[in-house]
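Undergrad: Provided herewith is a single structure, encoded as structure tokens, for subsequent inquiry.
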Amino acid sequence: MKKVLIITTVSGFVPQFEMNNVFILQEMGYEVHYASNFHNPHYGSDNHRLEETDIICHQIDFVRSPFHVAANLKAYRQLCRLLQEQKFHFIHCHTPMGGVLGRLAAEQNRRKRHSDCRVIYTAHGFHFFRGAPLINWIFYYPVEHWLAHFTDILITINREDYQRAKRFQLREVKGKRGRVERVNGVGIDVTYYQRVTIDREAVRKRIGVKKGQLLFLSIGELNNNKNHKVMIEAIAKSKRDICYVICGEGKFKKVLEKLIKKYQLEDKVQLLGYRKDIPELLKASDLFVLPSFREGLSLSLQEAMACGIPVIASNIRGNRELIDRGKGGWLLHPKDKRGLVKIIQTLEKSNLTFMGDYNSKKIEAYDRKIMIEKMKKIYDSIDKEIL
């Protein structure tokens, strides 16, 4: 039985983003193993979505911060033991710490056992990018540059990361260097989102949107990076009747609740937590908002585009590829609160319809079928090299 190991820091990552890859591997005859911290699911409150997937799970006590040295050393040792016990044909790492520890453990296993376990790492958005803080470049860039030497295939999901990664020197096997690939994100079923039909008024009423209110929607973890704060502050300064809904969970929930209370926006801003009815909420919305400081190639943004919604997004890597300024929405600096207020005050519904239609057509180039064909070729190439 051919075996492959998928590694992510938090266990909700595979059921949320990587099941297409799991199905590809299983169709190729691989027994799929999954190493993650199952006590820290994220993207949901439990691991029930992994049931009946035939994925074999292995608990690794990953932590998300690179600065928890003792915890990371423990997770590294657990991974090394797992690689010694199981003979994996290759491993596919995701998420920053999963990528770091997975590649280090694979290299240790190769040296100790003289095995040739190949390594794929998908960078879902490097922490160093144009406009990133200097500390990100000082800390993360040298680490990724070094770890590339232990990587057989480095997959990037946006143009900027791809161009930068091509300068790295990947692992050399029998005189042949590893390679950098670019895949348009994890892929979405564009047709599914385009065909979703709802009773718009019923959905809006269900989440407390008042008649006549514009519904703005954000989806993402409640953390500093997602930058929900700037939109809340912009709404506080705006005179438009808006309902701003945020779907997601995270450690910043109390911070945002205090901000909502401070500006007396309880009737305009709602934190809905983790939701399973995202397509319906998207279809019921007038505008999607993504003011993040950092994105790779946002899945929620792609879903919004497929639902035919205009977008206000931060002018950063990834977002710039998806949103054409003036055609599919607006791109602003993540801290441009004044610019947000101006857009809110002047936007017209006729423009929103045009932009939504434009996004719905553009996103077809990011369809799941295209991504699946690309990943099949990548997996097939490494499969042939191993066998």
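The values are calculated or read from the model by the stated rules, or taken from the named source; none is laboratory data. Every value quoted in this text rests on a predicted model; they were computed, and no experiment measured them. Here Cβ is always computed from backbone atoms with ideal geometry, including for glycine, and neighbour counts include all displayed protein chains. When the accessible area is computed, the model is the full protein with side chains, heavy atoms only, and any ligands, DNA or RNA have been set aside. Shrake-Rupley method; radii C 1.70, N 1.55, O 1.52, S 1.80 Å.
Undergrad: Going through the stretch 105-126 one residue at a time, which ones are of a type outside the set (D, E, K, R) and crowded, with 19+ Cβ neighbours inside 10 Å?
TA: Answer for the stretch 105-126, where residues must be of a type outside the set (D, E, K, R) and crowded, with 19+ Cβ neighbours inside 10 Å: Ala105, Ala106, Asn109, Cys117, Val119, Ile120, Tyr121, Thr122, Ala123, His124, Gly125, Phe126.
Undergrad: Mind checking whether some residue in the stretch 42-64 is open to solvent by 20 Å² or more (accessible area, probe 1.4 Å), of a type in the set (Lys, Arg) and closer than 12 Å to Leu5 by Cα?
TA: no
Undergrad: Scan the stretch 109-122 and report the pairs whose first residue is touching a residue at least 40 places away in the same chain (Cβ under 8 Å) and whose second residue is crowded, with 17+ Cβ neighbours inside 10 Å and in a helix (DSSP H, G or I), with Cβ atoms within less than 6 Å and a gap of 6+ or a chain change.
TA: Qualifying pairs under 6 Å: Arg118/Ile382; Val119/Arg103; Val119/Ala106.
Undergrad: Looking only at the stretch 44-56, which residues are outside any loop (DSSP other than H, G, I, E, B) and closer than 22 Å to Lys276 by Cβ?
TA: Matches in the stretch 44-56: His48, Arg49, Leu50.
Undergrad: Only one of these conditions is not met by Asn223: (1) of a type in the set (S, T, N, Q); (2) part of a loop (DSSP other than H, G, I, E, B); (3) open to solvent by 70 Å² or more (accessible area, probe 1.4 Å). Which number is it?
TA: Status for Asn223: all satisfied but (3).
Undergrad: Of all residues in the stretch 67-89, how many are in a helix (DSSP H, G or I) and of a type in the set (Phe, Trp, Tyr)?
TA: Here the count works out to 1.
Undergrad: Can you confirm whether Arg275 is open to solvent by 10 Å² or more (accessible area, probe 1.4 Å), basic (Lys, Arg), within 18 Å of the chain's Cα centre (by Cα) and over 20 Å from Arg204 (Cα atoms)?
TA: no
Undergrad: In addition: Lys239 - would you say it is modelled with pLDDT under 95, assigned to a helix (DSSP H, G or I) and either within 24 Å of Gly273 (Cβ to Cβ) or of a type in the set (D, E, K, R) (or both)?
TA: For Lys239, the condition - modelled with pLDDT under 95, assigned to a helix (DSSP H, G or I) and either within 24 Å of Gly273 (Cβ to Cβ) or of a type in the set (D, E, K, R) (or both) - is not met.
Undergrad: Right, here's the next one. I'm trying to understand the selection: among the residues of the stretch 256-272, which are assigned to a helix (DSSP H, G or I) and surrounded by 15 or more Cβ atoms within 10 Å (Cβ to Cβ)?
TA: Scanning the stretch 256-272 gives Leu256, Leu259, Ile260.
Undergrad: Which residue out of Lys342, Lys362, Lys376, Lys335 is over 24 Å from the mean Cα position of the chain (by Cα) and either surrounded by fewer than 19 Cβ atoms within 10 Å (Cβ to Cβ) or not hydrophobic (A, V, I, L, M, F, W, C) (or both)?
TA: Every option except Lys342 fails the conditions.
Undergrad: Same structure again: Every residue in the stretch 326-357 that is farther than 24 Å from Lys237 by Cα and part of a strand (DSSP E or B), please.
TA: none
Undergrad: Restrict the check to the stretch 7-14 and report whether at least one residue is part of a helix (DSSP H, G or I) and either open to solvent by less than 20 Å² (accessible area, probe 1.4 Å) or modelled with pLDDT under 95 (or both).
TA: Yes; the residues of the stretch 7-14 include at least one that is part of a helix (DSSP H, G or I) and either open to solvent by less than 20 Å² (accessible area, probe 1.4 Å) or modelled with pLDDT under 95 (or both).
Matching residues to (1) on the phi < 0 side of the Ramachandran plot; (2) surrounded by fewer than 13 Cβ atoms within 10 Å (Cβ to Cβ); (3) more than 17 Å from the chain's Cα centre (by Cα):
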site	(1), (2), (3)
Tyr140	yes, no, yes
Ala165	yes, no, yes
Val173	yes, yes, yes
Gly178	yes, no, yes
Glu181	yes, no, yes
Thr197	yes, yes, yes
Gly212	no, yes, yes
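Undergrad: Moving on. Identify the residue in the stretch 21-41 that is open to solvent by less than 30 Å² (accessible area, probe 1.4 Å) and polar (S, T, N, Q) and, among all such residues, is farthest from Asp383 (Cα to Cα).
TA: Asn37
Undergrad: Does Glu280 count as open to solvent by 10 Å² or more (accessible area, probe 1.4 Å) and either more than 14 Å from Arg204 (Cα to Cα) or in contact with a Cys (Cβ under 6 Å, 6 or more places away or on another chain) (or both)?
TA: Judged against the criteria, Glu280 is not a match.
Undergrad: Here's another thing I want to ask about it. Residue pairs, Cβ under 9 Å, 6 or more apart or interchain, first in the stretch 153-181 and closer than 24 Å to Met371 by Cβ and assigned to a loop (DSSP other than H, G, I, E, B), second of a type in the set (S, T, N, Q) and modelled with pLDDT under 95. List them.
TA: These pairs meet every condition: Ile157/Asn184; Asn158/Asn184.
Undergrad: Can you name the residue in the stretch 242-255 that is among the aliphatic types (A, V, I, L, M) and at pLDDT 95 or above and, of all such residues, is surrounded by the fewest Cβ atoms within 10 Å (Cβ to Cβ)?
TA: Val255
Undergrad: Okay, next question. Suppose we filter the stretch 142-161 for residues that are of a type outside the set (Val, Ile, Thr), within 18 Å of Cys93 (Cα to Cα) and open to solvent by less than 60 Å² (accessible area, probe 1.4 Å); how many remain?
TA: Total meeting the criteria: 8.
Undergrad: Another question, then. Which number in (1) open to solvent by 30 Å² or more (accessible area, probe 1.4 Å); (2) in contact with a strand residue (DSSP E or B) (Cβ under 6 Å, 6 or more places away or on another chain); (3) within 23 Å of Ile363 (Cα to Cα) marks the one condition that Phe216 misses?
TA: In the conditions (1) open to solvent by 30 Å² or more (accessible area, probe 1.4 Å); (2) in contact with a strand residue (DSSP E or B) (Cβ under 6 Å, 6 or more places away or on another chain); (3) within 23 Å of Ile363 (Cα to Cα), Phe216 misses (1) alone.
Undergrad: Which numbered condition in (1) exposed (fewer than 15 other Cβ atoms within 10 Å of the Cβ); (2) touching a residue at least 40 places away in the same chain (Cβ under 8 Å) is the only one that Arg206 fails?
TA: In the conditions (1) exposed (fewer than 15 other Cβ atoms within 10 Å of the Cβ); (2) touching a residue at least 40 places away in the same chain (Cβ under 8 Å), Arg206 misses (2) alone.
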